[in-house]
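Following: one structure in structure tokens, then a few remarks.
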Amino acid sequence: MALKGLDIFKLSPKKNCKECGCPTCMAFCMKVAQGALSLDKCPHFDPDAVAKLSEATAPPMKTLEVGTGANAHKLGGETVLFRHEKTLVSKNLFAVNLCTCMSPEEIDAKIAEMKKVDYERIGERMFVEFLFCSYIGNGVDKYVELVKKAMAADRAIILECWDVEAAKAALEVCKDTKPILDGATLENWEAMNGLAKEYGVTLGLYAENLSDLYDLVKKLEDAGNKNLVLDVTGKTAKETLANAVIVRRTALKDGDRSFGYPSIVNLNRFAKGDSRLQTAYAAMFTEKYGSIIVMENMTYAEALPLYGLRQNIFTDPQKPMKVEAKVYPLNGADENSVCALTVDFALTYFLVSGEMERSNCPVNLLISDASGMSVLTAWAAGKFSASTIKKFFDENDINNKIKSRTLIIPGKVAVMKGEIQEKLPGWRVVVGPTEAVMLPKFLKDKEYLAGAEEAEAAAAAPVVEAAPAEEDKPLNFEELQLKVPPIEVVDMGVSYKGHNPEAQTFVTIGERIHCISPSIRKAMDERDPGPILKRAAEQIAAGATYLDVNIGPAEKDGPERMMWAVQLLQQNFNNVPLALDTANKKAIEAGIKVYNRSNGKPIVNSADAGSRIENIDLAAANDAIVIALCSADGIAKDNEERMMHCHNMLERGLSLGMEATDLWFDPLFLVVKGMQDKQMDVLNAIKLFADEGLKSTGGLSNNSNGAPKTLRPIMDATLVAMAMMQGLTSAIVNPCDLRLMETIKTCDIIKNHVLYSDSYLEL
């Protein structure tokens, strides 16, 4: 955007009335700058200020709406060149070419083939959006008949016509559909502009080269028409690609709004008759930068890869791709068919549903809302738990819609079986395979029946009134302590050396005691100290300042589980300071109750500016540190949004009596593979925190996710060095990574936080 949030704020009413839905005028202005809200959402903005800002805050590429009703489509509105920079606003659309050179039978056949492409993928309808009607002579009447056939096909229409008389006749027929008139040239632009204004349609421009196209745009803008699309098709694919890129970059990077219009790429001009080549070119221009791509034909086989590619590109990379949470009957399943449960992460859905369909067994696949996370990640974050599953059952009326009472759950969360059984009385909960590829055999051989029989007795037991939910009951710490197994102190050969909270040295939070690890999860369930003490000893010996203790959602026994883990670690390792990591707030409270602060306050991991902002209240009430993620509903789009979230959480913490130093702000480290261009934004955010005297932390190893194991230590060590020089004060890391820890210690030396000695790496 041309303006920053602060620029808009200077002209704002500064009432903080919240009528716009934002907590402050500053928050509103930042959202306007990001394109998330429009100025008219504020009822108190001065009209003169609105007029002044509207043009400046508009996207560099104009947003157009063409077509009507179900065939209305949005074009343009782009603000970035690449999806990982922010997000791409308007997906490219496909058109199939019809022309007056075709017989009526050929036209009908092509339309029929085009209509076969109509299916749903991840909640989005996949179909050919436009019919491209080309006039190449043979009489105006024939062109009118062609347009009438296109209208009957119920698609949006593009009129490719350079003949003014033919264009007028066609517009008279289809004007109510709001077509695109693609036919203005340097020779006929005045007449074509007159038609476009008369019929209120978008005008397409074409010229032999970009220089002439630019001049043509200027002529039409001077004539008062800014409802334009640019036909960038050249004589060859190479020329066309160059045209599309130059036009897009000129508008978005150079800020020249004369090229800030959507584009048309007509593949028929340089790849006519070669369907495979057209499909390849269509993929290329989906990536760069055809707003409308015209093809000779579109078959189902051609559509599958093209629409799959388009959906991958034109999705917000800051939001997970997920499917609708509901019941999916597979293989003719009905109310009596067995049920299987999983999360709404799109990849999980397609893998699981594909294997189930391969089994040919009728199954009701229940997709629960897990915020687009994978099974284990959702479980660890508390998004896929017995409570959320019960909520899904209630909201979708599953008990009344489905008579079957056998429910298969993912094998990777077998630990939830008992909790689900309690939440869903009458259901037989069965643990399924750990991998989707095992599902066909599991279903065909009815392996789930044995598990169903085992659960039969529990399911048949009389339904008793459910006890109050754990989160609604006050904690009885004395009672909880009685449930905690006695803590045995074991000599692990390691003793925590202590930590000075006032020191400037970098704080490392060891990440390896995490419930996603099968061995740690099993140890937590069985209250087996061995694997946990081993992981803790390794991290402390490697130099970890804090240990993160992630117990998962732990809905059933969270408080006593956390109390046990805290006491186990602190009694065995000289009161090592801990970060308490769980979605169960009662568990954090219980952990804090038995926490020894001699080596540092406990850390609440974590709060955010959205649904988890109350964790700041929890930290404030218990004199704890809190990790504050600078996000709300998804990853922040830019540093303005990050700082908005930062300030909102800082304000909340300070109002509750917290010290600013007890809020550790997390910019959210992003994966290099896919979001490479965003890495410097994260580093700049850390600098912004430091400039305001704020502490910062985050899961640093996120940046190397997906990279080869040999590269991850290099990437993590390099990033931590760069981040520390920007002012990063802490990180959640694997302290057993020797390269990483050596880098951290060296940076502390260079930043003069530690007194140099030749043996500093050994200290």
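The values are calculated or read from the model by the stated rules, or taken from the named source; none is laboratory data. Worth saying up front: this structure is predicted, and the values here are computed from it rather than measured. Ideal geometry is used to build each Cβ from the backbone, glycine not excepted, and the neighbour counts take in all protein chains shown.
Restricting segment 171-184 to residues that are of a type outside the set (D, E, K, R) and in a strand (DSSP E or B), which is surrounded by the fewest Cβ atoms within 10 Å (Cβ to Cβ)? The selected residue is L181.
Does G699 qualify as being under 25 Å from I540 (Cα atoms), of a type outside the set (S, T, N, Q), in contact (Cβ under 8 Å) with a residue 60 or more places away in the chain and out of contact with any Cys (no Cβ under 7 Å at 6 or more places or on another chain)? Explain how you work it out, then say what you get.
Values: under 25 Å from I540 (Cα atoms): yes; of a type outside the set (S, T, N, Q): yes; in contact (Cβ under 8 Å) with a residue 60 or more places away in the chain: yes; out of contact with any Cys (no Cβ under 7 Å at 6 or more places or on another chain): yes.
Yes, satisfied.
Is at least one residue of segment 393-404 on the phi > 0 side of the Ramachandran plot and surrounded by 17 or more Cβ atoms within 10 Å (Cβ to Cβ)? Write out each step before concluding.
Taking segment 393-404 as the starting set, the residues that turn out to be on the phi > 0 side of the Ramachandran plot are 397.
With surrounded by 17 or more Cβ atoms within 10 Å (Cβ to Cβ) added as a condition, the list becomes none.
Within segment 393-404, not a single residue is on the phi > 0 side of the Ramachandran plot and surrounded by 17 or more Cβ atoms within 10 Å (Cβ to Cβ).
Total residues in segment 111-124 satisfying the condition of being touching a residue at least 24 places away in the same chain (Cβ under 8 Å) and not in a strand (DSSP E or B): the figure is 8.
Could you check, for segment 488-505, whether at least one of its residues is in contact with a strand residue (DSSP E or B) (Cβ under 9 Å, 6 or more places away or on another chain), more than 25 Å from T661 (Cα to Cα) and either at pLDDT 90 or above or assigned to a loop (DSSP other than H, G, I, E, B) (or both)? No, every residue in segment 488-505 fails to be in contact with a strand residue (DSSP E or B) (Cβ under 9 Å, 6 or more places away or on another chain), more than 25 Å from T661 (Cα to Cα) and either at pLDDT 90 or above or assigned to a loop (DSSP other than H, G, I, E, B) (or both).
Residue count for segment 37-64 satisfying the condition of being within 30 Å of Q679 (Cβ to Cβ), at pLDDT 90 or above and crowded, with 19+ Cβ neighbours inside 10 Å: 1. Within segment 146-165, the set of residues being in contact (Cβ under 8 Å) with a residue 24 or more places away in the chain, in a helix (DSSP H, G or I) and within 46 Å of the chain's Cα centre (by Cα) comprises L146, V147, K148, K149, A150, M151. Consider segment 679-719 and keep the residues that are of a type in the set (A, V, I, L, M, F, W, C) and assigned to a loop (DSSP other than H, G, I, E, B). The one that is surrounded by the fewest Cβ atoms within 10 Å (Cβ to Cβ) is L711. Restricting attention to segment 371-392 and to residues that are among the aliphatic types (A, V, I, L, M) and modelled with pLDDT of 90 or more, the residue that is surrounded by the most Cβ atoms within 10 Å (Cβ to Cβ) turns out to be I389.
If I ask for residues that are among the basic types (K, R) and farther than 26 Å from Y546 by Cα, which ones from segment 608-657 would you list?
If we filter segment 608-657 for residues that are among the basic types (K, R), which is where we start, we get 612, 637, 642, 652.
Across segment 608-657, the qualifying residue is only K637.
Within segment 453-467, not a single residue is modelled with pLDDT of 85 or more, surrounded by 15 or more Cβ atoms within 10 Å (Cβ to Cβ) and out of contact with any Asp or Glu (no Cβ under 6 Å at 6 or more places or on another chain). Figure legend. Inter-residue proximity from segment 427-438: first residues among the aliphatic types (A, V, I, L, M), second residues in a strand (DSSP E or B), beta-carbon distance below 8 Å, spacing 6+ or different chains. Indicated pairs: V429/L407; V429/I409; V430/T406; V430/L407; V430/I408; V430/I409; V431/I408; V431/I409.
Quick grid of which residues meet (1) charged (D, E, K, R); (2) within 32 Å of the chain's Cα centre (by Cα); (3) in the same structural domain as L547 (by TED's automatic domain parsing):
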| site | (1), (2), (3) |
| --- | --- |
| N702 | no, yes, yes |
| P713 | no, yes, yes |
| D716 | yes, yes, yes |
| V720 | no, yes, yes |
| L728 | no, yes, yes |
| D737 | yes, yes, yes |
| L740 | no, yes, yes |
| D748 | yes, no, yes |
| L763 | no, no, no |
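Hey, among G674, G653, which residue is assigned to a helix (DSSP H, G or I) and crowded, with 18+ Cβ neighbours inside 10 Å?
Working: G674 fails: crowded, with 18+ Cβ neighbours inside 10 Å.
Exactly one of G674, G653 is assigned to a helix (DSSP H, G or I) and crowded, with 18+ Cβ neighbours inside 10 Å, namely G653.
Count, please, the residues in segment 536-559 that happen to be surrounded by 19 or more Cβ atoms within 10 Å (Cβ to Cβ), out of contact with any His (no Cβ under 9 Å at 6 or more places or on another chain), among the charged types (D, E, K, R) and at pLDDT 95 or above. Residues in segment 536-559 being surrounded by 19 or more Cβ atoms within 10 Å (Cβ to Cβ), out of contact with any His (no Cβ under 9 Å at 6 or more places or on another chain), among the charged types (D, E, K, R) and at pLDDT 95 or above: 0 in total.
Listed here are the residues, each with its yes/no results for (1) buried (at least 19 other Cβ atoms within 10 Å of the Cβ); (2) in contact (Cβ under 8 Å) with a residue 40 or more places away in the chain; (3) on the phi > 0 side of the Ramachandran plot; (4) in contact with a Gly (Cβ under 9 Å, 6 or more places away or on another chain).
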{"residue": "N297", "(1), (2), (3), (4)": "no, yes, no, no"}
{"residue": "L304", "(1), (2), (3), (4)": "no, no, no, no"}
{"residue": "R310", "(1), (2), (3), (4)": "yes, yes, no, no"}
{"residue": "K322", "(1), (2), (3), (4)": "yes, yes, no, yes"}
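A single member of S103, S134 is within 20 Å of V265 (Cα to Cα) and assigned by TED's automatic domain parsing to the domain that holds D182, and it is S134. Annotation note: Cβ proximity below 7 Å between a residue of segment 669-684 that is small (G, A, S) and a residue that is not in a helix (DSSP H, G or I) (sequence gap 6+ or interchain) occurs for G674/H84; G674/P317.
Counting the residues of segment 73-90 that are farther than 15 Å from A244 by Cα and part of a loop (DSSP other than H, G, I, E, B) gives 10. Scanning segment 374-429 for residues being among the small types (G, A, S), over 30 Å from V549 (Cβ atoms) and in contact with a helix residue (DSSP H, G or I) (Cβ under 6 Å, 6 or more places away or on another chain) gives a total of 1.
Matching residues to (1) among the hydrophobic types (A, V, I, L, M, F, W, C); (2) assigned by TED's automatic domain parsing to the domain that holds R125; (3) part of a loop (DSSP other than H, G, I, E, B):
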{"site": "P320", "(1), (2), (3)": "no, no, yes"}
{"site": "G354", "(1), (2), (3)": "no, no, no"}
{"site": "C361", "(1), (2), (3)": "yes, no, yes"}
{"site": "I367", "(1), (2), (3)": "yes, no, no"}
{"site": "G372", "(1), (2), (3)": "no, no, yes"}
{"site": "A378", "(1), (2), (3)": "yes, no, no"}
{"site": "K383", "(1), (2), (3)": "no, no, yes"}
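Screening L439, L449, L482 for residues that are surrounded by 11 or more Cβ atoms within 10 Å (Cβ to Cβ), at pLDDT 90 or above and part of a helix (DSSP H, G or I) leaves exactly one candidate, L439. Annotation note: of A282, A207, A244, the sole residue that is crowded, with 17+ Cβ neighbours inside 10 Å, free of Cβ contacts under 8 Å to residues at least 24 places away in the same chain and in the same structural domain as E172 (by TED's automatic domain parsing) is A207.
Would you say E187 is in a helix (DSSP H, G or I), farther than 21 Å from G290 by Cα and over 39 Å from the mean Cα position of the chain (by Cα)? It is false that E187 is in a helix (DSSP H, G or I), farther than 21 Å from G290 by Cα and over 39 Å from the mean Cα position of the chain (by Cα).
Right, G67: surrounded by 15 or more Cβ atoms within 10 Å (Cβ to Cβ), on the phi > 0 side of the Ramachandran plot, outside the structural domain of V245 (by TED's automatic domain parsing) and within 24 Å of the chain's Cα centre (by Cα) or not?
Details: surrounded by 15 or more Cβ atoms within 10 Å (Cβ to Cβ): yes; on the phi > 0 side of the Ramachandran plot: yes; outside the structural domain of V245 (by TED's automatic domain parsing): yes; within 24 Å of the chain's Cα centre (by Cα): no.
Against the criterion (surrounded by 15 or more Cβ atoms within 10 Å (Cβ to Cβ), on the phi > 0 side of the Ramachandran plot, outside the structural domain of V245 (by TED's automatic domain parsing) and within 24 Å of the chain's Cα centre (by Cα)), G67 does not qualify.
The set of residues in segment 656-671 that are outside any helix (DSSP H, G or I) and of a type in the set (A, V, I, L, M, F, W, C) comprises L656, M658, L663, W664, F665, L668, F669, L670, V671. All of (1) assigned to a loop (DSSP other than H, G, I, E, B); (2) surrounded by fewer than 19 Cβ atoms within 10 Å (Cβ to Cβ); (3) of a type outside the set (S, T, Y) hold for D108 with one exception: (1).
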